[in-house]
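Working notes for the structure below.
The values are calculated or read from the model by the stated rules, or taken from the named source; none is laboratory data. What you are looking at is a predicted structure, and each value in this text was computed from that prediction instead of being measured. Quick reminder, even Gly has a Cβ in these numbers, built from the backbone with ideal geometry, and neighbours come from all protein chains shown. Just the protein is used for accessible areas: all its heavy atoms, side chains included, with ligands, DNA and RNA removed. Shrake-Rupley method; radii C 1.70, N 1.55, O 1.52, S 1.80 Å.
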Amino acid sequence: KTRIQSNSNQNDELGQLTNDFNKMAENLELLMTSQKRLLADISHELRSPLTRLQMAAGLAQIHQNDQTGQYLVRIEKEAKTLDDMISDVLKLSRLEAQSQMLSKEYQPFSLVLNPVLSDATFEAKQNNKRLNIVGEQDAEFKYDGQIISSALDNVLRNAIKYANSLITVELKHNKNHLIITISDDGPGVPNNDLKQLFEPFFRVSHSRERNSGGTGLGLAITKHAILAHNGIIELKNQDNSGLSVIISLPI
Ligand code: ADP
């Protein structure tokens, strides 16, 4: 630990400087710890599909004549998981490192919202679920279309995945903000876990099984995307059941 000891009075100039320096050292240590943890998490998460890939490849070689097809399907699936993870890790680190360098343009919000909603409606239908859109709001403001579109897409995909049968998208706006609430009628999330959902690789235990798909990075990326637009994203369990994701963007 790097700390400066000072004998001077806390309130004089030297005391103040000492305090400032020690605060900075403390923040830097915290940052380094979280970077180290993230790196350890990434290595761990990438290793699991890689191990399964190697196992399936080994089995395919042993059973060359009969079960090969089945192992090749597994190999393909795990390779895709790795590919998705790597591109999500890159997205997250780009957003963290250079959120000021987004290509923001002044444009109507409907430009990204409409295609995202029609994709989601289609996907919901394919899963025998229904997407209901309430309210109709448009606003023109400065945002990065690609980033906002993938943020909304992430939240909608989760909602479709966990919904029982219905996903509701509610659009509202007040004087300064556009508010998009995406709710589902699924199991929701234990209240203790709500805060951690934005942590990279965090998953509620029921979706930990390897077949649930997803990289565990979706909400971390979404949060950074919304923060990069000075917006707010919140999660709430609904009274009856299901999760609500509330995104508020300044307009
Ligand atoms: P993943 O790639 O696992 O979907 P996310 O960061 O998007 O990663 O989500 C993290 C975890 O949050 C999910 O694995 C799941 O446990 C939980 N989660 C996200 N959205 C919902 C939802 N609508 N209902 C219930 N659980 C959810």
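Both numbers refer to the Cα atoms of region 1-77; Rg and Dmax are 26.6, 81 Å. Between PHE122, PHE21, PHE202, the Gaussian network model of the chain with springs among Cα atoms under 10 angstrom shows the greatest mean-square fluctuation at PHE21.
By the rule of a C-alpha distance below 17 Å, with chain neighbours fewer than 8 residues away ignored, the aspartates and glutamates paired with LYS195 are GLU234.
Taking amide H as placed 1.01 Å from N in the peptide plane, LEU178 has its amide H under 5 Å from the amide H of LEU249, ILE251, each at least 5 places away in sequence or on another chain.
Which of the lysines could a cross-linker bridge to LYS104, judged by Cα under 16 Å and excluding same-chain residues fewer than eight apart? Here the lysines satisfying the reach criterion relative to LYS104 are LYS142.
Accessible-area rank, largest first, for ILE179, ILE86: ILE86, ILE179, with all protein chains present and a 1.4 angstrom probe. Among ASP119, ASP41, the sequence by solvent-accessible area, most first, with a 1.4 Å probe is ASP119, ASP41. Accessible area of VAL73 (1.4 Å probe, protein heavy atoms only, ligands and nucleic acids ignored): about 100 Å². For LYS23, give me every one of the aspartates and glutamates with a C-alpha distance below 19 angstrom, ignoring sequence neighbours fewer than eight places off in its own chain. Within the straight-line limit of under 19 Å, LYS23 reaches these aspartates and glutamates: ASP12, GLU13. In terms of accessible area, using a 1.4 Å probe and ignoring ligands and nucleic acids, TYR143, TYR162, TYR106 rank largest first as TYR106, TYR162, TYR143. Annotation for region 64-154: GluC sites (Glu not before Pro) lying in DSSP loop with at most 11 further Cβ atoms inside 10 Å of their Cβ are GLU136. Residue-wise HN-Hα couplings along region 188-194, as the Karplus relation 6.51 cos²θ - 1.76 cosθ + 1.60 with θ = phi - 60° gives them from phi, are x, 9, x, 3, 5, 8, 3 Hz; Gly and Pro carry x. Kirkwood hydrodynamic radius computed over region 13-130 comes to 19.6 Å, based on all pairs of distinct alpha carbons. Computed over the chain, the P(r) curve from all C-alpha pair distances, binned at 10 Å from the origin, holds 6, 24, 28, 21, 13, 6, 2, 0, 0 percent per bin.
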